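Below: one structure, written as structure tokens.
The values are calculated or read from the model by the stated rules, or taken from the named source; none is laboratory data. No experiment lies behind these values; they were computed from the predicted model shown. Methodologically, a virtual Cβ is constructed for each residue, glycine included, from the backbone with ideal geometry; neighbour enumeration extends over all protein chains shown.
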């Protein structure tokens, strides 16, 4: 599923924005210092310049949980791979779909929910940045209203959702391909 690494990258960007807004410019400067000149190889040395936004995200319960699950799902683990390419697998068979273009309600609900969380986090980051963006009181009120609507959408009991169990595992609730399908629970 190609959107999972993009969701993780969006989490990283929001974490970096929060770090800068909280006065973490020194971390950004260190990130930029990864670029230099290698005399030994007579080459532009780009380095990796790792910026770890995960600690900023971990402080936010919802963003931290989202970051952890999309990180796990974007890796090529057995469970995450089967969940994405063979969602109807059971103990008797693993039927892997290749280039499956059929609709899958659970993935749609999960991804839209994660996108709502990201949009809400991005708006909160902009509003909390103080004078950086000069958000008007009207816009702040709209963000509050939007956040309320998002919470209602995410709280629907029949919606597919992921519960982080605390032992590095995830329990998926209400997994189904079609709206009329029987909901299942999957443990990853």
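Data table
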quantity: Residue 22, sole failed condition from (1) surrounded by fewer than 16 Cβ atoms within 10 Å (Cβ to Cβ); (2) touching a helix residue (DSSP H, G or I) at 6+ places or on another chain (Cβ under 8 Å); (3) at pLDDT below 90; (4) closer than 30 Å to residue 167 by Cβ; calculated: (4)
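Yes/no per residue for (1) in contact with a helix residue (DSSP H, G or I) (Cβ under 9 Å, 6 or more places away or on another chain); (2) surrounded by 11 or more Cβ atoms within 10 Å (Cβ to Cβ); (3) farther than 24 Å from residue 20 by Cβ:
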site: 88; (1), (2), (3): no, yes, yes
site: 105; (1), (2), (3): no, yes, yes
site: 108; (1), (2), (3): no, yes, yes
site: 114; (1), (2), (3): yes, yes, no
site: 124; (1), (2), (3): yes, yes, no
site: 133; (1), (2), (3): yes, yes, no
site: 138; (1), (2), (3): no, no, yes
site: 155; (1), (2), (3): no, no, yes
site: 188; (1), (2), (3): yes, yes, yes
